[in-house]
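Reviewing the structure listed below.
No lab work stands behind these numbers, since they all come straight from the coordinates. None of the values given here were measured: they were computed from a predicted structure. Note that each Cβ is placed from the backbone with ideal geometry, even for glycine, and that neighbours are counted across all protein chains shown.
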Ligand code: FES
């Protein structure tokens, strides 16, 4: 298992997978929700955001590439998949630590 500074908040994972966010490639822990992956990339801004983490506020919505269309998903309820392409983020998803 890969060491992280806050290992307790992540679902168990063996490796990192690549995803694209607004055209840039990042590695995030497999077997976790997209929102946890965003937190992995930008711990402070996501931890401090006004988010419910349980599917109610809908503020964590992001849009993923789905063929040649975009599909809106709730990032706290959507598991990451290798190769996922996130093309749009709601205003609440501020990935400050990676300058997104
Ligand atoms: S964080 Fe509220 S619905 Fe995902």
With each pseudo-label sitting 7 Å past Cα toward Cβ, what's the residue 43-residue 94 distance in nm, one decimal?
1.9
Measuring from label point to label point, each 7 Å out along Cα→Cβ, what is the residue 87 to residue 18 span in nm?
2.0
What helix-only [θ] at 222 nm does the chain give? Using -39500 (n - 2.57) per DSSP H run of at least 4, over all residues, to the nearest 500, the answer is -3500 deg cm²/dmol
Chain lengthening between residue 71 and residue 25 when straightened (0.36 nm per residue, less Cα-Cα):
14.6 nm
Just for the chain, what percent of DSSP beta bridges are antiparallel, to the closest 5?
90
Exposure proxy ranking, count of Cβ atoms within 10 Å, fewest first, for 25, 87, 62
25, 87, 62
Regarding the chain, what's the average projected area of the Cα-atom convex hull, expressed in nm²?
5.9
What's the exposure ranking of 75, 90, going from fewest to most Cβ atoms within 10 Å?
90, 75
